[in-house]
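First the structure, in the form of C-alpha cells, and then the observations on it.
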Amino acid sequence: MATANTTYSGEKIFEGAQDFLPMNGTDYVELYVGNAKQAAHYYKSAFGFQSVAYAGLETGLKDRVSYVLQQDKIRLVLTSPLKEGGPINEHISKHGDGVKVIALWVDDATKAWEETTKRGAESCMEPHREEDEHGYVVKSGIKTYGETLHIFVERSNYNGVFLPGFQKWDTDFNPPVVGLKYIDHMVGNVGWGEMNKWCEFYEKVMGFTQLVSFDDKDISTDYTALMSKVMSNGTGRIKFPINEPAEGRRKSQIEEYIEFYNGAGVQHVALATDNIIETITALRARGVEFLKVPEVYYDDVLDRVGEIDEDLEPLKNLNILIDRDDEGYLLQIFTKPVLDRPTMFFEIIQRKGAQSFGKGNFKALFEAIEREQELRNTL
C-alpha cells in the first residue's frame, strides 16, 4: 500500500506524452478582478498567501495594477484596471472575476511559442524580452479555451522579485501560511461538444497525454451529468482536466458555470497540501466555506477505500472526502464558489500515492453542489 505523498519530479512518468515542449511547472496564475487590493487582502487573510510584488501607478503603470501573492510554489497575480474601457474591463464585465492567464515556466519561451504555433495554436504574444536592473525574462503566449491564455515564461536570466516592472511589496499584515504547497491541477469548463476539441489541442499542440476519461455514467446524479478528460504533461507537474456538460434532467454545474461566466474558462484550481486536516482546520477558522456531504458518506467509506493513516473522525468533522486508486489514496475537499458569480472555486487535495482525481467521490460531491445550486435557484 502506497502511503507516501505524491510529488512530481522532472522525470517523465506518463509515457504517452510527447514532451516536445519541456515545462518546469506553473509559473503563476493571473486573475482579472474588480478590486485587486481587496482581493489580495482576501487571499492573504483567508488562504494564507504572502505579499511578494506590486506594479501600478508607483511603478509607472497607468492603466492597471497588479498584486503578486505566494505560498510555497503557488503564485497568484491579481490584476485590476485603473481606467474605464479596455480589455481588462471588458473581461471583468463579461466574466466577473476569473482566471485570465495560466503562465507556464519553461526553459525556452521562444521555442515554446514556435513549437505550439506551428502545430496550430493561435498566438497571443510573440516572443519578446522584458528587462530591468535585475536581468531579463523572455515571454510568449498562445490562446486556449474561452479567453484563457497560456503565457510561457523563461526566467533563468532574471533575479528580481517577480518580473520586470514589479517592485517588492512589503506589508505589515502577513497572516501565517496554511500549508498549501503547489498547484496540483487546474480544471477548465468548456461548452457542449468541445471537450474532445480541447483535449486534442493539449495533445497535438502541447504534447500532453490523456490520463483518464470520465463519461456521464461516471459523473452523474439523479438530475445532472457531465463528462471529463484529464490531460497531463509527461512529468505530471501540469495537469488540465477538461469538463463539458452532458444531458441530464436539470442544469448541471458546468452549464451553470458557462451561463454565469459567459463561456469557457477555469472552473477550479486544486491546491496540494501535506496535511489536509491542519490546512482545512486553518482555512475554516479564517472563514473559508466548503461543500458538505451527508454524514452517511462516512458510514461505509473505509469499506470502499480500505485502511488509511488518518483517524476518520477529524476527516468526518471537516467533511474531507477519501478515495483510492491502484497507487494509493487521496483526501480532498472543495470550497464553495469564492466569487459572487457561481463560477470559480478551489479544491484542497492531499495525495497519499494516488494519481487519480476522486472518482469514488463524484456522486456525493455533485449532490452537494446540486444542493447549493438549489439554493441559488439555478438547478
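The values are calculated or read from the model by the stated rules, or taken from the named source; none is laboratory data. This structure is a prediction, so every number in the text was calculated from the model and none was measured. We place every Cβ from the backbone using ideal geometry, glycine too, and count neighbours over all the protein chains shown.
Quick notes on this one:
- Test: residue in segment 255-274 that is more than 13 Å from residue 189 (Cβ to Cβ) and either in contact with a Cys (Cβ under 8 Å, 6 or more places away or on another chain) or without any contact (Cβ under 8 Å) to a residue 60 or more places away in the chain (or both): no
- Single residue of 345, 357 found to be within 28 Å of residue 237 (Cβ to Cβ), crowded, with 19+ Cβ neighbours inside 10 Å and modelled with pLDDT under 95: 357
- Output for segment 125-182, where each listed residue is of a type in the set (Val, Ile, Thr), under 29 Å from residue 195 (Cβ atoms) and part of a loop (DSSP other than H, G, I, E, B): 144, 148
- Selection within segment 273-297 - at pLDDT below 95 and buried (at least 19 other Cβ atoms within 10 Å of the Cβ): 291, 293, 297
- Enumeration of residues in segment 81-107 that are part of a loop (DSSP other than H, G, I, E, B) and either among the hydroxyl-bearing types (Ser, Thr, Tyr) or in contact (Cβ under 8 Å) with a residue 60 or more places away in the chain (or both): 96, 97, 106, 107
- Among the candidates 238, 183, 242, the residue that is modelled with pLDDT of 90 or more, within 25 Å of residue 65 (Cβ to Cβ) and among the aliphatic types (A, V, I, L, M) is uniquely 183.
- Just one of the listed residues (153, 137, 65) is in contact (Cβ under 8 Å) with a residue 60 or more places away in the chain and of a type in the set (A, V, I, L, M, F, W, C), and it is 153.
- Residue 136 more than 26 Å from residue 288 (Cβ to Cβ), in contact with a Lys or Arg (Cβ under 7 Å, 6 or more places away or on another chain) and among the aromatic types (Phe, Trp, Tyr): yes
- Residue pairs meeting the criteria (Cβ under 6 Å; at least 6 apart or on separate chains; first part of a loop (DSSP other than H, G, I, E, B), in segment 340-356; second crowded, with 21+ Cβ neighbours inside 10 Å and acidic (Asp, Glu)): 342/256
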